[in-house]
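Working notes for the structure below.
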Number of protein chains: 2
Amino acid sequence: MPNLEARQIFQLPPLQAIRVFEAVARHLSFTKAAEELGMTQAAASYQIKLLEERVGAPLFLRQPKQIVLTEAGQRLAPAVSEAFALLSGAYAAARSGADGVLYVSTLLTFASNWLARHLGSFQVAHPSLAVRLDTSNRVVDFAREDIDIAIRSGGGTWPGVEVHKLFNADFTPVLSPKLAASIGGVKEPADLLRLPILDPGDIWWRDWFAAAGLPVEELAKRPGSSMGAQAYEANAAIAGQGVAIVTRALFNAELADGRLIQPFDLVGDDGHAYWLVYPQARRNVPKIRAFRDWILAEIARQ
Amino acid sequence: MPNLEARQIFQLPPLQAIRVFEAVARHLSFTKAAEELGMTQAAASYQIKLLEERVGAPLFLRQPKQIVLTEAGQRLAPAVSEAFALLSGAYAAARSGADGVLYVSTLLTFASNWLARHLGSFQVAHPSLAVRLDTSNRVVDFAREDIDIAIRSGGGTWPGVEVHKLFNADFTPVLSPKLAASIGGVKEPADLLRLPILDPGDIWWRDWFAAAGLPVEELAKRPGSSMGAQAYEANAAIAGQGVAIVTRALFNAELADGRLIQPFDLVGDDGHAYWLVYPQARRNVPKIRAFRDWILAEIARQ
DNA sequence: ATTCGGCATAAGGCCTCCTTATGGGCCGTG
DNA sequence: CACGGCCCATAAGGAGGCCTTATGCCGAAT
């Protein structure tokens, strides 16, 4: 394609030259301006000459001791300064303004059972960073949604994103102590068959049954009511309505204070895990680093 | 010198990228923006990516049918548009505004005896061009003074400037018919010795006396009162106060209407001339071309 | 299902823009 | 008055920013 930018070129000045002009007009010195811009005096001279040729008139009068603006230069200088002030202001705002809000896309269960409990310490550590949660189970596309960082579960293989494993998405049955007591305690896997199974259609149940040596076909007979999220089923379990199969890491608190008990050491693991992910290109963005460092440290503490 | 522009770089965005961003934000399309800027879509994509990396956040969400601004983009776009509007406005003003006034540095005599009589026709031809005369006999330095074009006399060899010869700075004695009649007419050069010589110290008188075969030492005896400009001496001559030595081209009107007469065909010429000069680099500036073309045509008409 | 519109990416080359080196003009000082 | 210092201009040379061409991918619409 031929270079057809002619029209543009006459509407807008060469921007690099304008930047130099702004500095020179401010200092009324090529040398000082060049210093400020981190370039040589010759480069500043070159750019000003360029701009003067484009404008069609000299912008500075070269006088012995110092330079002064010509009439054309005086016309140009104030507006240029103002324009640059605007630009740098907006640029700074876009940089740091965006740093003030962190958009996190997170899975339902993780949000309610992990984030909700720990986010407080992040806020304390980063009081100027507001976190906004986008809670849903879809896999967000960073190119299409305004999301900085996400929690996902799965195999940990997504293209173009940086991934950090948070914990394995293992699974094991849990229930309330009261429910267990109602049948005289849950001592061996087969005891579970005497209790309601929450979301028996979940593939985890089948895997765990198989691993525990229980008849998988039992599951199919059960009334299938899936609530769609571990958090809901766990709440049902806490309420004593049945046995749920959950990832322990998400229920540390309930298991610790006895609202839920894990009757068996047998833990299923299909290789999936919970991951922290964000675009590779943004790995050094301060707010993203802050959140990553915090969450990894928090996970490690458990 | 190491490239130390780091500080700058973080204060101001890459300007070329900003220019592209402005267009993309306006069109909400990489392709259309690239078209407007006279470049390829790939180039626009490249610049936006660059800017996004600098800002540290995506500026656009790439959605199937069209792109939309992210929050960071929305923060940036209005200010950028405004800044560019400012810039292009000021740039245009500096370009055309400077075109509206033509600064002419001119010699005293030329101003009063030639320009003053002809400038009217230039104004008629270029009503939007205001001419400002800077009348003095020094040689202006275009780099140091806010001057577009100048009239100089001399050898015609100045560096860095474009020169056009207007007419030779020849010289010959002139006087009022009345003064000539007062001694019964001026018929041969020696007759002049019976009349007052205006500015006898002028080197032109010596040259002309020598050429006319008159005794040069006569000049030294005369009371020397130099008024410093042909125009003044010519006025004195018109008033009948003596004989002045002047360049004919500057007194065409007086010679034509009889206020002055040129008694002898003998004309001195030291090789000097009147020149139109202006910086070579500005030879294509419209207002300079306009003035040059006009003055050369006007001179040729005589 | 295929095509089309739109953006992303890779590879390669040009040309802008910067650097180094040098010179000139003017001013202050010894 | 000469010399050194400061500042800008200019020339030559080189690196890299930026653009182009070519191609791929994705989603939408025919």
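The values are calculated or read from the model by the stated rules, or taken from the named source; none is laboratory data. Just so we're clear, the structure is a prediction, and the values are computed from it rather than from any experiment. All Cβ positions, glycine included, derive from the backbone under ideal geometry; neighbour counts span all protein chains shown. Heavy atoms of the whole protein, side chains included, go into the accessibility calculation; ligands, DNA and RNA do not. Shrake-Rupley method; radii C 1.70, N 1.55, O 1.52, S 1.80 Å.
Counting the residues of region B:20-47 that are more than 10 Å from DNA strand D (Cβ to nearest atom) and of a type in the set (A, V, I, L, M, F, W, C) gives 7. Based on what the data block shows, is B:S136 away from DNA strand C (no atom under 16 Å from the Cβ) and at pLDDT below 85? In short, yes.
For the residues A:Q16, A:Q66, A:Q123, the requirement of being farther than 26 Å from A:P279 by Cβ and within 44 Å of the chain's Cα centre (by Cα) singles out A:Q16. Only one of the numbered conditions (1) more than 44 Å from the chain's Cα centre (by Cα); (2) of a type outside the set (K, R); (3) surrounded by fewer than 21 Cβ atoms within 10 Å (Cβ to Cβ) is not met by A:L59, and that is (3).
For A:P200, the criteria (1) outside the structural domain of A:P279 (by TED's automatic domain parsing); (2) surrounded by fewer than 16 Cβ atoms within 10 Å (Cβ to Cβ) hold in every case but one, which is (2). Being near DNA strand C (Cβ under 9 Å from one of its atoms), surrounded by fewer than 20 Cβ atoms within 10 Å (Cβ to Cβ) and either closer than 19 Å to B:A281 by Cβ or not acidic (D, E) (or both) is a property that A:S45 has. I'm checking my understanding of the structure. Among residues of region B:48-70 that are within 7 Å of DNA strand D (Cβ to nearest atom) and at pLDDT below 90, which one is nearest to the other protein chains (Cβ to nearest Cβ)? Ranking the candidates gives B:P64 first.
The lone criterion from (1) modelled with pLDDT of 90 or more; (2) buried (at least 16 other Cβ atoms within 10 Å of the Cβ); (3) part of a helix (DSSP H, G or I) left unmet by B:V124 is number (2).
Of the candidates A:V124, A:V131, the single residue that is in contact with a helix residue (DSSP H, G or I) (Cβ under 7 Å, 6 or more places away or on another chain) and either within 30 Å of A:N252 (Cβ to Cβ) or assigned by TED's automatic domain parsing to the domain that holds A:A253 (or both) is A:V131. Just one residue in the set A:L119, A:L129 is of a type in the set (A, V, I, L, M), open to solvent by less than 50 Å² (accessible area, probe 1.4 Å) and touching a Lys or Arg at 6+ places or on another chain (Cβ under 9 Å); that residue is A:L129. Scanning region A:116-140 for residues that are among the hydrophobic types (A, V, I, L, M, F, W, C) and in contact (Cβ under 8 Å) with a residue 24 or more places away in the chain gives A:F122, A:A125, A:L129, A:A130, A:V131, A:L133, A:V140. For residues in region A:75-111 being aliphatic (A, V, I, L, M) and not in a helix (DSSP H, G or I), which is farthest from A:R289 (Cα to Cα)? Of everything passing the filter in region A:75-111, A:L107 is farthest from A:R289 (Cα to Cα). Restricting region B:62-74 to residues that are assigned to a helix (DSSP H, G or I) and open to solvent by 10 Å² or more (accessible area, probe 1.4 Å), the residue that is farthest from A:Q16 (Cα to Cα) is B:E71. For region B:265-285, filtered to residues that are in contact with a helix residue (DSSP H, G or I) (Cβ under 6 Å, 6 or more places away or on another chain) and within 14 Å of chain A (Cβ to nearest Cβ), the residue that is most open to solvent (accessible area, probe 1.4 Å) is B:R282.
Residues in region A:141-186 that are free of Cβ contacts under 8 Å to residues at least 24 places away in the same chain, in a loop (DSSP other than H, G, I, E, B) and more than 40 Å from the chain's Cα centre (by Cα): A:I183, A:G184, A:G185.
Under the condition of being in contact with a Pro (Cβ under 8 Å, 6 or more places away or on another chain) and more than 14 Å from chain A (Cβ to nearest Cβ), the residues counted in region B:97-142 number 0. When the residues of region B:143-152 are filtered to those that are in contact with a helix residue (DSSP H, G or I) (Cβ under 8 Å, 6 or more places away or on another chain) and closer than 21 Å to B:D293 by Cβ, the one that is farthest from the other protein chains (Cβ to nearest Cβ) is B:I151.
Among the candidates B:S105, B:S176, the residue that is farther than 30 Å from A:S88 by Cα, open to solvent by less than 50 Å² (accessible area, probe 1.4 Å), assigned by TED's automatic domain parsing to the domain that holds B:A211 and in contact with a strand residue (DSSP E or B) (Cβ under 8 Å, 6 or more places away or on another chain) is uniquely B:S176. Within region B:15-42, no residue satisfies the criterion of being within 11 Å of DNA strand C (Cβ to nearest atom), open to solvent by less than 40 Å² (accessible area, probe 1.4 Å) and of a type in the set (D, E, K, R).
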